[in-house]
Amino acid sequence: MNLQLPELRKKAMALPLLPGVYLMKDSKGGVIYVGKAKVLKNRVSQYFGSPTNHDEKVRAMVERVAAFDYIVVDSEFEALVLECSLIKQHAPKYNILLKDDKGYRYIRCTGGAWPVLSVAKQKHEDGAEYLGPYTNGYAVNPVMEEVRQIFRLPDCSKCFPRDVGKGRPCLRYFIELCAAPCARKISREAYAQSVADAVEYIRRGSSQSIVLLRAEMEQAAEALDFERAARLRDRIKAMEALREKQHVVSITVEEQDVFALAAEQSQACWAVLRFRGGRLAESEHFFLERPESFPEARQELLERYYAMRGEDLPRRVLLDDEATGMELLAQWLGAQAGHRVPVQTAQRGEPLRLVELCRKNALEKLAQRTGRQSKSIAGLEELASLLGLPAPPEYIEAYDISHTGGSDNVAGMVVFQGGTPLKAAYKRFAIKSFTGQDDYASMAEVLTRRFSRWQEEKETGEGFGRLPDLILLDGGIGQVHAVEPVLHAFGLTVPLFGMVKDGRHRTRAIASGGGEIAFNATRQAFALVTTIQDEVHRFAVAYHHQKHQKRSLSSALTEIPGIGETRAKNLLREFKTMKAIGEADEATLAKAKGMNAAAAKAVYAAMHSG
């Protein structure tokens, strides 16, 4: 425990009731956390109060705090601006820090009579014009290829004007991908204009460029400059052809950034799709620890992202869900951009489509990092949201009862870890406390036995010694009510729900103590629960059939003189099938547990009587 907490709290209670920024420092004076506050006294004093209200990360940070400093400002907006600046300066350990390990790339356009477009890793004071930055070569290379194709620019190593007129045109000229300045197939002025047009195209994007080029084409036609009009027409066709190939487009807002936050048990992925000129220009992703509060995490992630990528701000920021302080974020971004930048959540239509695409990318990246399938992560995340769980359930146990009119009453338990079956942890139960048909009592018995084993083995943390994150019962509210007292008796608070089927034996809803929860639009959660319900039903029924078959075989053996229930069970346990028993000789039969020569002779005679 931090022994300085009383003194720190006393100092925090003396802070002014004003907006500002606070800096938490360790014993060496290093800044370990920077935060902003609308009211400094209220916000900072919370850290040094009861630790039960803090998440694990905050508790760890408070343990290391030896002192704190603060700066008063005039508004919450100024606090946000200052906070971003100080985080960039100090890179505190307990703030969310996006690691920018992607190298910047630029498109470089030289000056002079024969300008050249190329890819550059850094900006230099060399008189050239630099466009960008782009996050990496995978983002800038398609742009370069596109402008070369549309504006018929060379992609060879020839130097102009040195190599003008010194060679024959290459294949690219004959397939209309290059204007061949090397063979004087284009004038210096026309070439320079093509490069200038390419630069404007990169700046504006295809949509605006097509509108302007159409206007230029019409002006050229009216001025009877049909050669220029034809050239502009060809460029427009090339742009439109490339746009047809670009399936990921934004029509409503051409300049926008789309964000999504996906998480599993311990990790999260923050993904962004950047649209420029109506097309997907770049995509990025960042990994971080799973946050306690997603709205607060989105706010902090947006602040960190635009503090790092503030050179190219969009016209709109689109989020997959709510972020804390969205109006304040919009004000901050608008002040940097010089124009309004709304921060919105997607509800329907194109915005929702783009957010779902971004979320799919985040899930795929997270799946690659964790070695899981993205649909499993998405299903667990949706299930946690649907059931109000604090985190996706990593370890799920599901139970089902199977019998035939109350006979051969059994139960099956299946385990799903990380959204996939963990067959090594499957368990089977034969109902022992009663005979007859009572699914509620059967379910209560099985869970009682399961958690009795937990009490015995909990020190191991494995098998029955591990508590599940979620229990699912095949059935409705009745099964849930039957098992709830069992959990209470063991002092457990494991989330408990039923899996409800419709008249066609298909998963329909989730049952809780207070009623039913419909799946609605949670497609991945529905698929996951359906898979779990089908698997536990299959497993329980398979055990029931096995037990029923053994009982039938056992009954056939007990009709033999000298063979009772015990000997019949021993024979089946030893030989597995009636066929194997029939193929065994008397000496082999006599060696089975509980058998003797007389019993073996009786069995052999019965099996060969036909």
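Given the options GLY465, GLY419, name the one that is surrounded by 14 or more Cβ atoms within 10 Å (Cβ to Cβ) and within 20 Å of LEU389 (Cα to Cα). None of the other options fit; the residue is GLY419. Scan segment 382-414 for residues that are farther than 26 Å from GLU292 by Cα and among the β-branched types (Val, Ile, Thr) and jot them down. Answer for segment 382-414, where residues must be farther than 26 Å from GLU292 by Cα and among the β-branched types (Val, Ile, Thr): ILE401, THR404, VAL410, VAL414.
Within segment 346-372, being among the aliphatic types (A, V, I, L, M) and part of a helix (DSSP H, G or I) holds for LEU352, LEU354, VAL355, LEU357, ALA362, LEU363, LEU366, ALA367.
Do you know which residues across segment 53-76 are touching a helix residue (DSSP H, G or I) at 6+ places or on another chain (Cβ under 9 Å) and farther than 16 Å from ASP26 by Cβ? The answer is ASN53, HIS54, TYR70, ILE71, VAL72, VAL73, GLU76. Would you check which residues across segment 17-54 are closer than 24 Å to GLN299 by Cβ, in contact with a strand residue (DSSP E or B) (Cβ under 7 Å, 6 or more places away or on another chain) and assigned to a loop (DSSP other than H, G, I, E, B) and list them? If the condition is that a residue be closer than 24 Å to GLN299 by Cβ, in contact with a strand residue (DSSP E or B) (Cβ under 7 Å, 6 or more places away or on another chain) and assigned to a loop (DSSP other than H, G, I, E, B), then LEU18, PRO19 are the ones that fit.
Can you confirm whether segment 529-538 contains a residue that is surrounded by fewer than 17 Cβ atoms within 10 Å (Cβ to Cβ), within 48 Å of the chain's Cα centre (by Cα), among the aliphatic types (A, V, I, L, M) and modelled with pLDDT of 85 or more? The answer is no; no qualifying residue exists. Summed over segment 512-528, the residues that are modelled with pLDDT of 85 or more and of a type in the set (Phe, Trp, Tyr) give a count of 1.
Name the residue, out of GLU327, GLU322, GLU303, that is acidic (Asp, Glu), surrounded by fewer than 19 Cβ atoms within 10 Å (Cβ to Cβ), modelled with pLDDT of 90 or more and not in a loop (DSSP other than H, G, I, E, B). Going through GLU327, GLU322, GLU303 in turn, the sole match is GLU327. Per the conditions (1) at pLDDT 85 or above; (2) under 30 Å from ASP312 (Cα atoms); (3) not in a loop (DSSP other than H, G, I, E, B), the sole criterion not satisfied by ALA190 is (2).
Listed by first and then second residue, the pairs linking a residue in segment 415-426 that is touching a residue at least 60 places away in the same chain (Cβ under 8 Å) to a residue that is part of a strand (DSSP E or B) and surrounded by fewer than 16 Cβ atoms within 10 Å (Cβ to Cβ), with Cβ atoms under 7 Å apart and 6 or more places separating them unless they lie on different chains, form an empty list. Among the residues of segment 161-177, the ones that are surrounded by fewer than 16 Cβ atoms within 10 Å (Cβ to Cβ), within 19 Å of GLU146 (Cβ to Cβ) and touching a residue at least 24 places away in the same chain (Cβ under 8 Å) come to 1 in all.
Cβ separations smaller than 9 Å between residues 6+ apart or across chains give no pair from segment 39-61 residues that are of a type in the set (A, V, I, L, M, F, W, C) and loosely packed, with under 14 Cβ neighbours inside 10 Å to residues that are at pLDDT below 80 and part of a helix (DSSP H, G or I).
The values are calculated or read from the model by the stated rules, or taken from the named source; none is laboratory data. Since this is a predicted model, take the numbers as computed values, not measurements. Note: ideal-geometry Cβ built from the backbone for every residue, glycine included; neighbour counts use all protein chains shown.
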